[in-house]
Amino acid sequence: MSDKVYNLAQLEELGGGDAEFVSMMVDTFLEHTPGQLEEMKSAHSSGDSATLGAIAHKIKPNVDMFGIDAITQDIRDLEQMGKNGMINAESQEKMQKVEAELTIAFEQLKQH
């Protein structure tokens, strides 16, 4: 297995070392975030910048909490681009990177 794209240190600290809390948070992340990613992709491809920004805003805390550092800035950029109505080649590139990293994180976290 390749290196993990996530780091649960912040989540473990928040839970005070409670493995059940961490497990519950991972389950919640896996339950909600894949659907949010699909919504974000759909909003991007249909040119719905307001929805793109809103969903990026929802996903951002999870990216931070789960230590998915490779896309920390990209998710923030997508949030701003959505708010500013900027759907272009740059947002497409960021969208692809976010999708790729989150997809890996979903698969890895299922093994957690």
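Derivation of every value follows stated rules applied to the coordinates shown; laboratory data play no part. Being a predicted model, the structure only gives us computed values, none of them experimental. Positions of Cβ are backbone-derived with ideal geometry, glycine not excepted, and every protein chain shown enters the neighbour counts.
Key figures for this structure:
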{"read-out": "Test: residue in the stretch 39-52 that is small (Gly, Ala, Ser), surrounded by 12 or more Cβ atoms within 10 Å (Cβ to Cβ) and within 14 Å of the chain's Cα centre (by Cα)", "value": "no"}
{"read-out": "Residue satisfying all of: in the stretch 71-92; under 21 Å from Gln108 (Cβ atoms) and surrounded by fewer than 16 Cβ atoms within 10 Å (Cβ to Cβ); farthest from the chain's Cα centre (by Cα) among these", "value": "Gln73"}
{"read-out": "Count of the stretch 1-22 residues which are surrounded by 13 or more Cβ atoms within 10 Å (Cβ to Cβ), charged (D, E, K, R) and in a helix (DSSP H, G or I)", "value": "1"}
{"read-out": "Where Ser91 falls short, out of the listed (1) closer than 24 Å to Leu30 by Cβ; (2) among the hydroxyl-bearing types (Ser, Thr, Tyr); (3) in contact (Cβ under 8 Å) with a residue 40 or more places away in the chain", "value": "(1)"}
